[in-house]
Amino acid sequence: MDVPKDYMTTLLDHGLFASAQMLGSFLVSSSSVNLDTSPHLKAENLVLLGDALLREKEYKRAVHAYKQALHCHRIIPKQNASAVRSSLSASTRSSSPNSFNISTVNENEVKFKIASLYCVLNENRAALVEMEGIPSKARNMQMNLLMGKLYRNSRHTRAAITCYKECLRHCPCIIEAIIALAEMGVAAKDIISLFPQTPTRGARSTFDHFDSSRWLQRYVEAQCCIASNDYKGGLEFFAELLRRFPNNIHILLEMAKVEAIIGKTEEAITDFEKVRSIDPYVITYMDEYAMLLKLKSDNSKLHRLVHDLLNIDPNRPEVFVALSVLWERRDERGALSYIEKSIRIDERHIPGYIMKGNIYLSMNRPEAAVVAFRGAQQLRPDLRSYQGLVRSYLAISNIKEALYAAREAMKAMPQSAKALKLVGDVHASSTSGREKAKKFYESALRLEPGYLGAALALAELHVIEGRNGDAVTLLERYLKDWADDSLHVKLAQVFAATNMLQDALSHYHAALRINPQNEAANKGLDRLEKQLKGVDPDAPEEDEENDVEDADADQEETELL
């Protein structure tokens, strides 16, 4: 009594995977289908069972079934040739391939399925072994894309580039391949040259094809700009694309991510909120949004965001990074455990390493922070990983390494005011380097006059060297254009240092109106109110002064990020 295989395929086709899995156990255990007499049928049945297990997310069982299928499939050529000939001579009763012991199993497709499952199980080396068993000429686009990812993960860059290029030769719209090639340093013109030229019948159709493909060329140029740290150029190309494709979620997310990296906090938040208004179920880059909300101390939105993400898909790495952001202030160790989970899910998830470095810095573990930021850099260097490294090295007084990291940032981003400021920060950490720091801060402001971070750093330098008037003049220029709590805090600190207590009080209140959670403003205001009452704020609570100073340093670090 046999189980009809057609029932199994019907169940799979209709998505009834649990029933298919149970029926599959009957198929593979049938006494009439055994390895000695019908290895081809046995292999086919095992593949169907593997498909059912795959859909039921029983990944290890699926791998086992597929491997058994391959074992059965490889036995077929070893069968007695005369037996096959006799079966062919007696084939008048059936013309089915199964009558001739010919298997319909595609060995390469089964290997691809096994490799895909190994990827899900984070067993990339085993996945690569399976994929390398597929001849290059037999690989389709899916296979080449997976090969590219696996080679890239194992740092075989040249082999990865070859696979991704092969994808684009067949289809220029494989966005994953475009992004990967850009991040691995392939020039935009080289990527565009891979696009197949569509044959056309006339001049009009030639023009239409050129016009329709131009947006894709702009997209390639945008990704190559971002990959080479030309953030301004990348944003300009993305903005051009957004005019042609309004409310494009992918473009809005790419722009928001870049804006977050370069410190355009308000613009990034606006773009993230627009994405959520269009599609509230998007998870991609939402951990970046969570970091920005924390930076703005918008705890209600942060709580709502994390709640929404957990309800959408609690197994994505972005969700665990967002949880880490939410928990950092209350429980740093708990926040760190969430970050570790995010990296276990996706070891190439860069925001996880950035957040991990920041948590280690807040825990006063700069050596561990260095390792985390280096991890981010190995995946893809960007401004934040350079900033994290400089902060970490300065925290352990390793000026040489801090300067090296800052100069590397400047080389990678020669037109970046933020990279110039990083070099200035390193020089400002020593008394002998303050004059150099001043020049770098001024150069950053010439390059980007609206860069508040450089203005705050230069003002701090003025205060250290006793030029309080210059600090006030510099900072007041930014009041018209910046509703920023850190700007008001810095002005309040300068006024308090020059005994202009009412002006200091006004700016502390202004800072707290913008951000009631600003720790430096709250502590500074408390200290100032004691002074106004005639109480010496330093006498009873000496430690509190140190806390205020630490909070001020934290505020500057926050501005860098």
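The values are calculated or read from the model by the stated rules, or taken from the named source; none is laboratory data. All of these numbers come straight from a predicted model, not from anything done at the bench. Here the Cβ positions follow ideal geometry from the backbone for every residue, glycine too, while neighbour counts run over all protein chains shown. Surface accessibility is based on the protein's heavy atoms, side chains included, excluding ligands, DNA and RNA. Shrake-Rupley method; radii C 1.70, N 1.55, O 1.52, S 1.80 Å.
Picking from Leu491, Leu479, which residue would you name as being aliphatic (A, V, I, L, M), open to solvent by 10 Å² or more (accessible area, probe 1.4 Å), over 30 Å from Arg330 (Cβ atoms) and out of contact with any Lys or Arg (no Cβ under 9 Å at 6 or more places or on another chain)? That would be Leu479, the only listed residue that is aliphatic (A, V, I, L, M), open to solvent by 10 Å² or more (accessible area, probe 1.4 Å), over 30 Å from Arg330 (Cβ atoms) and out of contact with any Lys or Arg (no Cβ under 9 Å at 6 or more places or on another chain). Taken over the stretch 346-357, the residue count meeting the criterion of being open to solvent by 10 Å² or more (accessible area, probe 1.4 Å) and under 14 Å from Leu383 (Cα atoms) is 3. Scanning the stretch 241-273 for residues that are surrounded by 16 or more Cβ atoms within 10 Å (Cβ to Cβ) and of a type in the set (D, E, K, R) yields Glu254, Lys257, Glu259, Lys264, Glu267, Asp271. Checking each residue in the stretch 373-400 for being among the charged types (D, E, K, R) and open to solvent by 10 Å² or more (accessible area, probe 1.4 Å) picks out Arg374, Arg380, Arg384, Arg391, Lys400.
Listed by first and then second residue, the pairs linking a residue in the stretch 18-30 that is touching a residue at least 24 places away in the same chain (Cβ under 8 Å) and closer than 13 Å to Glu56 by Cβ to a residue that is surrounded by 21 or more Cβ atoms within 10 Å (Cβ to Cβ) and charged (D, E, K, R), with Cβ atoms under 8 Å apart and 6 or more places separating them unless they lie on different chains, are Ala20/Asp51. Here is a list of conditions, (1) within 30 Å of Arg513 (Cβ to Cβ); (2) at pLDDT below 95; (3) open to solvent by 30 Å² or more (accessible area, probe 1.4 Å), and Ser297 meets all of them except one; can you say which number that is? It is condition (3) that Ser297 fails. Closer than 30 Å to Ser154 by Cβ, modelled with pLDDT of 95 or more and touching a helix residue (DSSP H, G or I) at 6+ places or on another chain (Cβ under 9 Å), is that true of Tyr285? So Tyr285 fits the description; yes.
Taken over the stretch 217-261, residues that are touching an Asp or Glu at 6+ places or on another chain (Cβ under 9 Å) and part of a loop (DSSP other than H, G, I, E, B) amount to 1. Among the residues making up the stretch 2-42, those that are of a type in the set (Gly, Ala, Ser) and at pLDDT 80 or above are Gly15, Ala18, Ser19, Ala20, Gly24, Ser25, Ser29. Tallying residues that are in a helix (DSSP H, G or I), surrounded by fewer than 19 Cβ atoms within 10 Å (Cβ to Cβ) and of a type in the set (A, V, I, L, M) within the stretch 496-505 yields 2. Listed conditions (1) modelled with pLDDT under 50; (2) open to solvent by less than 50 Å² (accessible area, probe 1.4 Å) are all met by Asn546, apart from (2). Checked against (1) surrounded by fewer than 23 Cβ atoms within 10 Å (Cβ to Cβ); (2) out of contact with any Phe, Trp or Tyr (no Cβ under 6 Å at 6 or more places or on another chain), Val370 passes all but a single condition, namely (1). Considering only the stretch 42-75, state which residues are open to solvent by 40 Å² or more (accessible area, probe 1.4 Å) and not in a loop (DSSP other than H, G, I, E, B). Listed by number, the residues that qualify are Lys42, Leu54, Arg55, Tyr59, Lys60, Arg61, His64, Lys67, Gln68, His71, Arg74, Ile75. Is it the case, given these coordinates, that Val472 is in a helix (DSSP H, G or I) and open to solvent by less than 30 Å² (accessible area, probe 1.4 Å)? The answer is yes for Val472.
What residue, among those in the stretch 506-526 that are out of contact with any helix residue (DSSP H, G or I) (no Cβ under 6 Å at 6 or more places or on another chain) and part of a helix (DSSP H, G or I), is surrounded by the most Cβ atoms within 10 Å (Cβ to Cβ)? Per the stated criteria, the residue is Asn522.
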